[in-house]
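The values are calculated or read from the model by the stated rules, or taken from the named source; none is laboratory data. Fair warning: this is a prediction, and the values are worked out from it, not measured in the lab. Using ideal geometry, Cβ is built from the backbone for each residue, glycine included, and neighbour counts are taken over all protein chains shown.
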Amino acid sequence: MSEPVAADSPTPGPPLWLLLELTYRCPLHCVFCYNPTDFGSVGRELETGEWLRVLEEARALGSVQLGLSGGEPLVRDDLETIVAAARRLGFYSNLITSGVGLTEPRLEALKEAGLDHIQLSFQDSTRRMNDFLSSTRTFELKSRVAELIRKYRYPMVLNVVLHRLNIDHVGDILEMAERMGAEYVELANTQYYGWAWRNRGQLLPSRDQLRRAEEVTARFRERVGSRMRIFFVVPDYFETRPKPCMNGLGRIFLGIAPDGIALPCQAARMLPGLTFPSVRETSIRSIWYDSPAFNRYRGEAWMKEPCRSCPERGRDFGGCRCQAYLLTGDAANADPVCDLSPHHHLVTGAVNRAEQDIAATPRAQPLVFRDHRESGARE
Amino acid sequence: MMADIDSAARPTIGGGFRLQWEPAQGTHVLLYPEGIVRLSRSAAAILTRCDGQRTVANIVADIERAYSASGLSSDVCAFIQLALEHNWVELGS
């Protein structure tokens, strides 16, 4: 059953931030990927013409920041066409890529098409997690791509996902970023959805690891000054207040999955009891303003205690619905990251267990690499 | 103390930023990687004139003419100074 938009919520503004997950296909197998673990059973990808229609309809509603992501968006050979259409319509386009497949001819074509910005993610492209920093192949690929990005006069923006197995190398990572000429580095601690949720027991760092990484980052920041700006995103499991996830569902963010399913957050597909509309059947306007899936968590009427009467509810919107669902089984509960949540012990418990595991054996269970076969794909 | 801006400098929109009119919001905005700044009418009046052709003196004169006002120099320069600090504009000469 759908609920009407809460009486206390004004008409939602436009979906300013449009994220197109062009494909779930990806040459990498990252254990911290937030893509759904059943991505192999997701329906066929939208065709070029369908993506262009999404861009037109969203732009007419007021979408202006465009993320092109995946999977690896460069796997789509129509990426240049999509970028050119976005530019023509007035989007500011951001490509979020691992760099695998970013050859000079493609980068030249993307620049020509009007791509505004590139964020290069640093991932492990081998199955040997612990060796990834010494993985020459990865380093050479990233260096080559970094050089190309500078040659085509894009700012060099590097994103590195941190977890238990690499957080101790944060100093090496920052030095590598400096050698690559990075101007911005985002050290983003893993968020536990999708494949990362499946591997949480293996990826959560200890409080000690986190503290050391922050100290190393602070020292590095002092040394390089304004030459390189570093953002250290603390994992929310170590916080006592939740993140204002998506600035509230259905407020500014509209994500379109590879098969055309519209989502109020990339991870929302897992939320039970909601039917997410497809751009193949429903207009973007109707999806954004009328669909029960986008109205469900707008406003405050859905909130339970302690959120409902909390003076901070307008700031953090009760945190993340997906995290509430994954940890407590009810997406309308407070995000258990909040220490006012009756379920907060589930978060501190996970961190405590992680610390015990680290103290005992470093690898109790095997990691599950993001993999086509593991994802439910039919052979 | 705020440094004085050379009235002969020719400001232009900073690299990585794009200034455009948003019909859906009825405002000018500045776009940058994963971000957006909504501009007031007076901020938009100044930034739309930061085209690398006009000098700061030209921009002031232009705006005074457009608004049939005088003595706007210090307001315009203060805003350009702020815009420089945010890298919204760069100075050519």
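Listing for the model above:
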{"read-out": "Residue selected from the range A:30-64 under the condition in contact with a Ser or Thr (Cβ under 7 Å, 6 or more places away or on another chain) and buried (at least 19 other Cβ atoms within 10 Å of the Cβ), by the criterion farthest from A:ASN199 (Cα to Cα)", "value": "A:GLU45"}
{"read-out": "Checking B:ASN58 against (1) of a type outside the set (D, E, K, R); (2) modelled with pLDDT of 95 or more; (3) surrounded by 18 or more Cβ atoms within 10 Å (Cβ to Cβ), the condition it does not meet", "value": "(3)"}
{"read-out": "Selection within the range A:284-313 - polar (S, T, N, Q) and buried (at least 16 other Cβ atoms within 10 Å of the Cβ)", "value": "A:SER291, A:ASN295"}
{"read-out": "Some residue of the range A:254-262 being under 16 Å from the mean Cα position of the chain (by Cα) and part of a loop (DSSP other than H, G, I, E, B)", "value": "yes"}
{"read-out": "The range A:139-164 residues that are closer than 14 Å to A:LEU115 by Cβ, paired with ones that are part of a strand (DSSP E or B) (beta carbon under 6 Å, 6 or more apart)", "value": "A:ILE149/A:ILE118; A:TYR154/A:ILE118; A:VAL157/A:GLN119; A:VAL157/A:TYR184"}
{"read-out": "Set A:LEU120, A:LEU95, A:LEU115: member being in a loop (DSSP other than H, G, I, E, B) and within 14 Å of chain B (Cβ to nearest Cβ)", "value": "A:LEU115"}
{"read-out": "Of all residues in the range A:171-194 being out of contact with any Lys or Arg (no Cβ under 8 Å at 6 or more places or on another chain) and of a type in the set (Val, Ile, Thr), the one that is surrounded by the most Cβ atoms within 10 Å (Cβ to Cβ)", "value": "A:THR190"}
{"read-out": "Residue list for the range B:31-44, restricted to those being within 13 Å of chain A (Cβ to nearest Cβ), out of contact with any Leu (no Cβ under 7 Å at 6 or more places or on another chain) and of a type in the set (A, V, I, L, M)", "value": "B:LEU31"}
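For every residue, the table says whether it meets (1) outside any strand (DSSP E or B); (2) touching a Leu at 6+ places or on another chain (Cβ under 6 Å); (3) within 14 Å of another protein chain (Cβ to nearest Cβ).
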site	(1), (2), (3)
B:PRO11	no, yes, no
B:GLY15	yes, no, yes
B:GLN25	yes, no, yes
B:VAL29	no, no, yes
B:ARG54	yes, no, no
B:ALA57	yes, no, no
B:SER74	yes, no, no
